[in-house]
1. Inspect all residues belonging to the stretch 150-160 and state whether any of them is closer than 22 Å to GLY63 by Cα and modelled with pLDDT under 90.
2. I'm trying to understand the selection: among the residues of the stretch 104-128, which are surrounded by 15 or more Cβ atoms within 10 Å (Cβ to Cβ), touching a residue at least 12 places away in the same chain (Cβ under 8 Å) and either at positive phi or not hydroxyl-bearing (Ser, Thr, Tyr) (or both)?
3. Within the stretch 42-57, which residues are among the basic types (Lys, Arg), assigned to a loop (DSSP other than H, G, I, E, B) and surrounded by 16 or more Cβ atoms within 10 Å (Cβ to Cβ)?
4. Has the stretch 24-41 got any residue that is within 25 Å of ALA82 (Cα to Cα), surrounded by 13 or more Cβ atoms within 10 Å (Cβ to Cβ) and at pLDDT 95 or above?
5. Could you tell me whether any residue of the stretch 11-26 is in a strand (DSSP E or B), without any contact (Cβ under 8 Å) to a residue 60 or more places away in the chain and more than 22 Å from LEU146 (Cα to Cα)?
6. Any chance the stretch 79-94 includes a residue that's within 19 Å of PHE113 (Cα to Cα), open to solvent by less than 10 Å² (accessible area, probe 1.4 Å), of a type in the set (Gly, Ala, Ser) and part of a strand (DSSP E or B)?
7. Mind checking which pairs have a first residue in the stretch 58-87 that is under 22 Å from GLY126 (Cβ atoms) and a second that is among the charged types (D, E, K, R) and open to solvent by 30 Å² or more (accessible area, probe 1.4 Å), Cβ under 6 Å, 6 or more apart or different chains?
8. So, of the residues in the stretch 1-23 that are open to solvent by less than 70 Å² (accessible area, probe 1.4 Å) and among the polar types (S, T, N, Q), which turns out to be nearest to ILE142 (Cα to Cα)?
Amino acid sequence: MSNGKIQVREVQFANSVLLPEIVKLLDEGHTVTLRLKGFSMRPFLEDGRDKALLVKAVDPKVGDPVLAEVSEKHYVLHRIIAINGDQVVLRGDGNLGEEHCTIPDVKGAVIGFYRKGREMLDRTDGRKWRIYSWFWTRLYPIRRYLLAFYRRIWLKLFKPI
């Protein structure tokens, strides 16, 4: 590196290896930026394109996007759709099914997303996220049709950045 340029190398790890280490960092009080993998938060968030800014989860509420361990070393970043006592029900915005965990299994809270290669954070407590969330969560009964349109037509016409 004699020319003064910095080399950047991206390394990928399995979620079962990486996410327990991220949870340790969150427990120590660090914030973590995590590149998203998977399609469960479509149409708002895309695999490999977007990033989530996480902090340790404290007092999670319905509607919050969280990092949760739904089974041993199996983590999801989904929205909380219900809390009944100690039981938490989760659903990804791009999913129709539910996943379950307990309050202690909610490891991280998302405070914002870096979307479409932008450097500006879309905060989860901001107007844009709240409006999107309000509409999208109420569209659940017809979400399957909207997601099918998004996958089969929209993505073919307008490839994600």
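1. Keep residues of the stretch 150-160 that are closer than 22 Å to GLY63 by Cα, which gives none.
Taking every residue of the stretch 150-160 in turn, none turns out to be closer than 22 Å to GLY63 by Cα and modelled with pLDDT under 90.
2. At the first step, the residues of the stretch 104-128 found to be surrounded by 15 or more Cβ atoms within 10 Å (Cβ to Cβ) are 105-115, 121-124.
Retained after the next criterion (residues that are touching a residue at least 12 places away in the same chain (Cβ under 8 Å)): 105-115, 121, 123-124.
Matches in the stretch 104-128: ASP105, VAL106, LYS107, GLY108, ALA109, VAL110, ILE111, GLY112, PHE113, ARG115, LEU121, ARG123.
3. Initially, the stretch 42-57 is screened for residues among the basic types (Lys, Arg), giving 42, 49, 51, 56.
Restricting the remaining residues to those that are assigned to a loop (DSSP other than H, G, I, E, B) gives 42, 49.
ARG42, the sole residue that qualifies.
4. yes
5. Going residue by residue through the stretch 11-26, those that are in a strand (DSSP E or B) are none.
No, because not a single residue in the stretch 11-26 is in a strand (DSSP E or B), without any contact (Cβ under 8 Å) to a residue 60 or more places away in the chain and more than 22 Å from LEU146 (Cα to Cα).
6. No, because not a single residue in the stretch 79-94 is within 19 Å of PHE113 (Cα to Cα), open to solvent by less than 10 Å² (accessible area, probe 1.4 Å), of a type in the set (Gly, Ala, Ser) and part of a strand (DSSP E or B).
7. So the pair list comes out as LEU67/LYS107; ILE80/ASP64.
8. So in the stretch 1-23, the residues open to solvent by less than 70 Å² (accessible area, probe 1.4 Å) come out as 4, 14-16, 18-20, 22-23.
Now narrow it down to the ones that are among the polar types (S, T, N, Q): 15-16.
On the way: ASN15: 31, SER16: 33 Å.
Ranking the candidates gives ASN15 first.
The values are calculated or read from the model by the stated rules, or taken from the named source; none is laboratory data. This is a predicted model, so every value here is computed, not measured. With ideal geometry, Cβ positions are generated from the backbone for all residues, glycine too; neighbour counts draw on all protein chains shown. Surface areas here come from the heavy atoms of the whole protein model, side chains and all, with no ligands, DNA or RNA. Shrake-Rupley method; radii C 1.70, N 1.55, O 1.52, S 1.80 Å.
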